Amino acid sequence: MACYIAVDLGGTQIRAARYGADQVRQARTSLPTLAEKGVEGVLARIERAVREVWPSDGRVAAIGMAAPGPLDSRRGVVHFAPNLPGWEDVPLRDWLQETFGVPAFVGNDANLAALGEHRFGAGRGVNDLVYLTISTGIGGGVILDGRLFEGGGGLGGEVGHITVEAEGPPCLCGSRGCLEAVASGPAIARAVRAAIAAGRSSSLVDRVGGDLSRITAREVSEAARDGDDLAREALRRAGFYIGVALVSLMYLLNPALFVIGGSVAKAGDLLFGPIHETVEDRAPEVYRRGVSIRPAALGDDVGLLGALALACDGVGE
Ligand SMILES: [Zn+2]
């Protein structure tokens, strides 16, 4: 039986795995990306990771790959990737097909995480869902009628750049007040640092030995769990903005489920509580009826599982 190879290309790590036709994992590896080595260097690392999980009989049905950045999933071209210096219009799919001699499919990492949660995780059996990953940035993906929705140019599903505060802080995308600019990990840490600098007291100051630059969303979550008021407020505010975005998405798509993952979502109820409250506060009952908001189920391998689903779909199985 032919197997599938899944690859998840990140700014710091490349993960690769081999799955049987029954979608059971047979091998897995991860290597540092060494992004500073540029496009050729990273492609060499991808090749090495894939060779490590390649089956001895060489029978591979397809390769699926999750890659960062805005990319053209139809042609498998990465337009650019903030965490991968030098990556500009890299024809990743063609390179995979030429290098390994099998069909290859490439998708945006957040979109494929949505597909992974839909096929194997929190969204199993749900036809319409929106996935959000809250970490260094905010990414997402939309599944409509059981299929990944990417829009005509393959750039859709970018829920992190929905505006939730029209005159809000600048976002890396060039706009202002995007969800990512007010509710991502760095945005949460920035808000806390600004409040402390303006005179608010917080246990976070001691937690980072007085060096405010060391405050990240992780420290904020830990402090919040230990009862720190400022940290709790910061998560509450992020949860509020996420809730605001969900209400817009409910009007637009009327999904049955929101799946929320990413490192910041590990804050649990301290983040999900205000998300639920905001949705209850703002969305009409008829929209809220039948919609669930659930934490992601798949953890670190979500990108691999999404890439697996993409590969299976790509060859029509
Ligand atoms: Zn933005």
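The values are calculated or read from the model by the stated rules, or taken from the named source; none is laboratory data. Here the structure is a predicted model, which is why all the values come from computation and not from measurement. So basically every Cβ, Gly included, is an ideal-geometry build from the backbone, and we count neighbours across all protein chains shown. We work out accessible area using only protein heavy atoms, side chains counted, and drop any ligands, DNA or RNA first. Shrake-Rupley method; radii C 1.70, N 1.55, O 1.52, S 1.80 Å.
Which of (1) at pLDDT 95 or above; (2) away from the ligand (no atom under 16 Å from the Cβ); (3) part of a loop (DSSP other than H, G, I, E, B) does Gly152 not meet, given it meets every other one?
Of (1) at pLDDT 95 or above; (2) away from the ligand (no atom under 16 Å from the Cβ); (3) part of a loop (DSSP other than H, G, I, E, B), only one is false for Gly152: (1).
Do the conditions hold for Arg218, that is, is it in contact with a Leu (Cβ under 8 Å, 6 or more places away or on another chain) and within 20 Å of Ala267 (Cα to Cα)?
Numbers: in contact with a Leu (Cβ under 8 Å, 6 or more places away or on another chain): no; within 20 Å of Ala267 (Cα to Cα): yes.
No: the conditions fail for Arg218.
Out of the residues in the stretch 171-206 that are within 11 Å of the ligand (Cβ to nearest atom) and charged (D, E, K, R), which is least open to solvent (accessible area, probe 1.4 Å)?
Looking at the filtered set, the residue picked out is Glu180.
Checking Leu129 against (1) outside the structural domain of Ala309 (by TED's automatic domain parsing); (2) away from the ligand (no atom under 16 Å from the Cβ); (3) surrounded by fewer than 23 Cβ atoms within 10 Å (Cβ to Cβ), which single condition isn't satisfied?
(3)
May I ask you to list the residues in the stretch 281-308 that are farther than 20 Å from Gly160 by Cβ, charged (D, E, K, R) and either outside any helix (DSSP H, G or I) or in contact with a helix residue (DSSP H, G or I) (Cβ under 7 Å, 6 or more places away or on another chain) (or both)?
Result: Arg288, Arg289.
Restricting attention to the stretch 87-107, which residues are within 17 Å of Cys312 (Cα to Cα) and surrounded by fewer than 18 Cβ atoms within 10 Å (Cβ to Cβ)?
Within the stretch 87-107, Gln97, Gly101, Pro103 qualify.
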